[in-house]
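No value in this document is a laboratory result; all are computed from the given coordinates. All of these numbers come straight from a predicted model, not from anything done at the bench.
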Amino acid sequence: MDKLRRANALLISKKWEELIKMRKNEDIKNLTQDKKRITQILYIIQYGNTNQYKIGITKNLNKRISELQVGSPYELRLVKIWTHTRREKIEEYERVIHRYLIKEGYQIRKDSEWFRLCKPILKLLLAPNTIQEQNKIIEFIHKDLQ
C-alpha cells in the first residue's frame, strides 16, 4: 500500500494528469520510417485486457509489435511510446524503469521485460511526455532504489 501512496503522491504533486494519447497506425508508421530524426522508440504494450505489460526499446515499432503478436493469443495494444534520437537516453529510462519494477516485484518472469502492473504504477509510467518529465521520474526512482 505504501508503494501506491508514493506513486499517487508523485502524480498529484507534479500535476501529471494527462494520460495516454493513443497514436494512429499511420502516426506509428511515420515515426518508424523517419530514421534520420528518430533512432529509438521506448514502448509499453499491453497483453490483451490483462494487467501484463511489456516495456522495451526498438527502432521499428511496427516490426516489433508484429513479432510479439505472432506468439500471442491476445491482441497486443500499444499503450505509450517515447522517442529520442540519443539511444543512451532511451536506454537509461528503460533501465531505470526495469530496475524499479523488478525491485518492487512486478516482473512476471526472471530475465523478461514483461511486468504485472497495477493502475497507480501504470499511471506513474505513462505520465512523462518530455525528457524533463522522464528525468523527474528517474530521480524519484533512483531515490527509492537507494
### Task
First check a/c for the stretch 49-141, with a ≥ b ≥ c the square roots of the eigenvalues of its C-alpha gyration tensor; if it is under 1.5, answer rounded, and if not, answer prolate when a/b is larger than b/c or oblate otherwise.
oblate
### Message
Could you derive backbone 3J(HN,Hα) for the stretch 92-99 from the dihedral phi with the Karplus parameters 6.51, -1.76 and 1.60 (θ = phi - 60°), listing whole Hz in sequence and x where the residue is Gly or Pro?
### Response
5, 4, 4, 4, 5, 4, 4, 4
